[in-house]
Amino acid sequence: MIYNKDAVFPYPVLSRTSQSYQENYFIFDVNVTDEDETNYEFSLNYEISSPFLVKLLQEDKAALMLIIQSGDNYFEKIAYGQEKITLKKNRLSLSKRTKLQLHILSVEKITFNQAEDLVKFYNDYKDEIEVKRYSLLAYSDEVIFESSEEKPVDLFEQLIDTELSIPFKVELTSETIRLIFKNREISLEDYHVKTSLRNLYVYIGLIRALTEFIESNIRNEEFIVLENTDPEKGLHRKLKDLMINRGITDIDPENLDYVIQKMSDNIIVKYTNGVREMVENGN
């Protein structure tokens, strides 16, 4: 089961909309990085704000479960820290509307007496909270893939152009936001840093793409109601669908920063967490 609305539980559950934890984000992003005649290869990125839940995963007292809805429901356990997964095409079709979500499930009976990152509300009775095996402990935001033209699941692509006269630039194609770097060093791919540190480039690309989206769809009104648009460009259709899936109903030149942060799963939070981790590790 994929949770796409606020759900109520009789015990603390981590989600973007929950108020149980002091920091309540469970960031999840997934992309198709390779495919052949029989398989899809997905790259997985996720960040969990709760040290308590991370510790449970590290000690195998809880497990990550990838939930997929695409025609039939499909789920598969993944190891904590796993960044890639290969799925058979006969079990999954991206030609249909596909939803993905990560869950954290208890593997054994769990008590919350060691959960130091809950909100103060639980301080007086967290020792009494127990959940059974296979109970839901957390769920991420859902990721939605829609079939689209030439590149059905890609919003970004990256190129290295050694002839580039500047270090970095953005090009908007009919289907994607193209990030072009003069070399791999500038792209940060050759450095052992979190992928979230590349969010600077992603942010710039989204600003360019959304600005073009607004210029192509706005008329005499002050803002664009997304449901009223029918974009011709494939990239604009992907942006529209992504914004609507993230609960965004309208867009204008003044709310671009808000829109980007909401449609991109806390892009600024992920960037600052990556910088803080790098500083703390002395890199």
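The values are calculated or read from the model by the stated rules, or taken from the named source; none is laboratory data. This one's a predicted model, so the numbers in the text were calculated from it and none came from an experiment. Virtual Cβ from ideal backbone geometry, glycine too; neighbours counted across all protein chains shown. The accessibility values were calculated without ligands, DNA or RNA, using every heavy atom of the protein model including side chains. Shrake-Rupley method; radii C 1.70, N 1.55, O 1.52, S 1.80 Å.
Of everything in the range 139-177 that is assigned to a strand (DSSP E or B) and over 17 Å from residue 212 (Cβ atoms), the residue that is modelled with the lowest pLDDT is 145. Quick one: in the range 178-216, of everything that is β-branched (Val, Ile, Thr) and over 17 Å from the mean Cα position of the chain (by Cα), which residue is modelled with the lowest pLDDT? So the residue we want is 193. Selection of the range 217-239 for residues being among the basic types (Lys, Arg) and free of Cβ contacts under 8 Å to residues at least 24 places away in the same chain yields only 219. Of the residues contained in the range 73-81, one or more are found to be surrounded by fewer than 19 Cβ atoms within 10 Å (Cβ to Cβ), under 20 Å from the mean Cα position of the chain (by Cα), modelled with pLDDT of 90 or more and among the charged types (D, E, K, R). Residues of the range 53-66 that are out of contact with any Leu (no Cβ under 7 Å at 6 or more places or on another chain), open to solvent by 20 Å² or more (accessible area, probe 1.4 Å) and of a type in the set (A, V, I, L, M, F, W, C): 54 alone. Filter the range 218-244 down to the residues that are farther than 21 Å from residue 156 by Cβ, open to solvent by 20 Å² or more (accessible area, probe 1.4 Å) and outside any loop (DSSP other than H, G, I, E, B), then identify the one that is modelled with the highest pLDDT. Out of the qualifying residues, it is 225.
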